[in-house]
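So the structure is just underneath, and the comments pick up after that.
The values are calculated or read from the model by the stated rules, or taken from the named source; none is laboratory data. Note that the structure is a prediction, hence the values are computed from the model and not measured. Note that each Cβ is placed from the backbone with ideal geometry, even for glycine, and that neighbours are counted across all protein chains shown. Side chains included, ligands, DNA and RNA excluded: accessible areas come from the protein's heavy atoms. Shrake-Rupley method; radii C 1.70, N 1.55, O 1.52, S 1.80 Å.
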Amino acid sequence: RMTRARTQRLEALLDALQAKGAAKRPLQPLSPAVDAELNRVYRLYGQRLTSEQRTQLGTAEHAWIRYRDKACAFEGGSCLTDLEKERTLELESSWVGEAFW
């Protein structure tokens with residue numbers, strides 16, 4: 001799902017950049033509310049994972065942050081907030097146990 005969403009996002013960006021007069025949009029700051037929600041979901045995950053799983057989640061999170069920062073530096077606009085919303089939804093939908101948020 002993440003790969004498809006990222007591909008669609010990049011295709012839309014490419015289309016916009018190829019349009020006449022398309023200029024790079026300045027990067028907007030990350031929404032504090034959206035960031036707080038993602039951090040809340042991570043904390044809930046952390047409470048239910050083993051130590052090894054928490055380490056793996058932390059490694060995945062660092063990789064995702066690198067992707068987010070690089071993609072958003074290129075894309076601009078509300079990218080930071082949009083990708084954090086996307087990440088939160090992905091984490092919520094991937095939980096195999098009962099919903100806990």
Q: Find all pairs meeting these conditions: Cβ atoms under 7 angstrom apart; at least six residues apart or on different chains; first residue within segment 74-86 and in contact (Cβ under 8 Å) with a residue 12 or more places away in the chain; second residue charged (D, E, K, R).
A: Gly76/Lys24; Gly76/Arg25; Gly77/Arg25; Leu80/Arg68; Leu83/Arg68; Glu84/Asp35
Q: Would you tally the residues in segment 42-74 being assigned to a helix (DSSP H, G or I) and either touching a strand residue (DSSP E or B) at 6+ places or on another chain (Cβ under 8 Å) or hydrophobic (A, V, I, L, M, F, W, C) (or both)?
A: 10
Q: Could you tell me whether any residue of segment 17-25 is surrounded by fewer than 12 Cβ atoms within 10 Å (Cβ to Cβ), within 24 Å of Trp95 (Cα to Cα) and either of a type in the set (Gly, Ala, Ser) or at pLDDT below 80 (or both)?
A: no
Q) Tally time: how many residues in segment 26-56 are in contact with a helix residue (DSSP H, G or I) (Cβ under 8 Å, 6 or more places away or on another chain) and open to solvent by 70 Å² or more (accessible area, probe 1.4 Å)? A) 4
Q. Within segment 68-90, can you find the residues that are under 13 Å from Pro32 (Cα atoms) and over 9 Å from the mean Cα position of the chain (by Cα)?
A. Ser78
